Amino acid sequence: MSIDAATSALHLSFPPTTATGFVVPQSRSFTVSVNPVVLFSVLDHYLRRQEKQHRVIGTLLGVRSEDGSEVEVRNCFPVSHDETDNQVAVDMEYHRNMFELHKKVNAKEVIVGWYATGSNLNQWNALIQDFYSREVMPPFQAIHLTMDTDLKNDDKLLGVKTYVSAPIGISAKPENCLFLPVPCDVKYFDAERSGLDLLASAKNDTDRSTSLFSDMDNLEKTIKAVFEMLERVTDYVNKVLDGSIPADNTIGRFLMDTISVVPKIDKVEFEKMFNGHLQDLLMVSYLANMTRTQLAIAERLQLLV
């Protein structure tokens, strides 16, 4: 798809509008959640880009809530494109073939938008947004996700942001649109959190490498993290009680909800239960090591025979 344009896209924070130009009353909030796999895929695509290519784009896949107010971006795939000062070309055939292949694996995920690396919005973003707006099932809007891979922001972070578009002007033209920022957060499961914590632990090493923890190391790390959180909460409560800091009703409600779900167990009974689980864990670890050793000996004996 080759498109020429002479105008630039505007980046303003206005209320969203319909195709007729009327302001839509915001009866409910609109949020976007992104899976960590998507962010890693975008970074991998950027690192594998061609030498003279300053940014990459791709298709976002995910699911929407029934009312369309929540979008969960679960997957993505790269799309080839050629961008110059005069035109931009997107490989639409490759995009549609990849989506057809993806539907065979996961039919529930649909096209929800597209991503691009870089923090700036230019005139080509509006044209590509117009293309993906036609790919998204109506009446929903296409999500545009940007990632600051150059770390040009003040915090030196990836700067992940999401936008939706709204048309402006008297005549409807693809290049005449507003990009409106929408709230975005990273959504992950407990299993993914463990992997992310392991990757994050390598940031303090000079060689940026880490190793997998054993079960006992994970248990020790978890207990230390729980103790640190308890000390932080205790310190906050003590400061509120002595008047050092003002009380926050939101934090108080969170603490009450947390305490209400903690079961009432006697100290001696809890210690007995914890030690029982710890002994079970040590036994499983011991049996696993014994089995591994027996398999290694059996392999050596098999080689000798």
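When M216 is evaluated against the numbered criteria (1) within 31 Å of the chain's Cα centre (by Cα); (2) without any contact (Cβ under 8 Å) to a residue 60 or more places away in the chain, which criterion, by number, is the only one it fails? With respect to (1) within 31 Å of the chain's Cα centre (by Cα); (2) without any contact (Cβ under 8 Å) to a residue 60 or more places away in the chain, M216 is out only on (2).
Considering every residue within the stretch 275-287, establish whether at least one is among the small types (G, A, S) and under 18 Å from I223 (Cα atoms).
So in the stretch 275-287, the residues among the small types (G, A, S) come out as 276, 285.
Filter once more, keeping what is under 18 Å from I223 (Cα atoms): 276.
Yes, the stretch 275-287 contains a residue that is among the small types (G, A, S) and under 18 Å from I223 (Cα atoms).
In the stretch 216-232 there is no residue that is open to solvent by less than 90 Å² (accessible area, probe 1.4 Å), among the hydrophobic types (A, V, I, L, M, F, W, C), touching a Pro at 6+ places or on another chain (Cβ under 8 Å) and modelled with pLDDT under 80. For the stretch 142-158, a residue qualifies if it is at pLDDT 85 or above and either among the polar types (S, T, N, Q) or outside any loop (DSSP other than H, G, I, E, B) (or both), and the qualifying residues are I143, H144, L145, T146, M147. Looking only at the stretch 65-117, residues that are open to solvent by 20 Å² or more (accessible area, probe 1.4 Å), in contact with a Ser or Thr (Cβ under 8 Å, 6 or more places away or on another chain) and assigned to a loop (DSSP other than H, G, I, E, B) come to 1 in all. When each of L287, L281, L255 is tested for being over 35 Å from the mean Cα position of the chain (by Cα) and either more than 30 Å from S201 (Cβ to Cβ) or not aromatic (F, W, Y) (or both), the lone residue that passes is L287. Collect the residues in the stretch 33-44 that are in contact (Cβ under 8 Å) with a residue 60 or more places away in the chain and buried (at least 16 other Cβ atoms within 10 Å of the Cβ), keeping them in residue-number order. Correct list: S33, V34, N35, P36, V38, L39, V42. In the stretch 83-111, the residues that are under 16 Å from L61 (Cα atoms) and touching a residue at least 12 places away in the same chain (Cβ under 8 Å) reach residues that are of a type in the set (G, A, S) and open to solvent by less than 50 Å² (accessible area, probe 1.4 Å) with C-beta atoms within less than 9 angstrom, at least six apart or across chains, in these pairs: H95/G58; E109/G62; V110/G62; I111/G62; I111/A142.
Can you say whether V71 is among the β-branched types (V, I, T) and under 19 Å from E135 (Cβ atoms), as far as the supplied structure shows? It would help to see each step written out before you state the result.
Details: among the β-branched types (V, I, T): yes; under 19 Å from E135 (Cβ atoms): yes.
The answer is yes for V71.
The listed residues are G252, G195, G276, and the only one of them that is under 30 Å from N75 (Cα atoms) and either of a type in the set (A, V, I, L, M, F, W, C) or open to solvent by less than 100 Å² (accessible area, probe 1.4 Å) (or both) turns out to be G195.
The values are calculated or read from the model by the stated rules, or taken from the named source; none is laboratory data. Computed from a prediction, not measured in an experiment: that's the story for all the values here. Note that each Cβ is placed from the backbone with ideal geometry, even for glycine, and that neighbours are counted across all protein chains shown. To get the accessible areas, we keep the full protein, side chains included, count just its heavy atoms, and leave off ligands, DNA and RNA. Shrake-Rupley method; radii C 1.70, N 1.55, O 1.52, S 1.80 Å.
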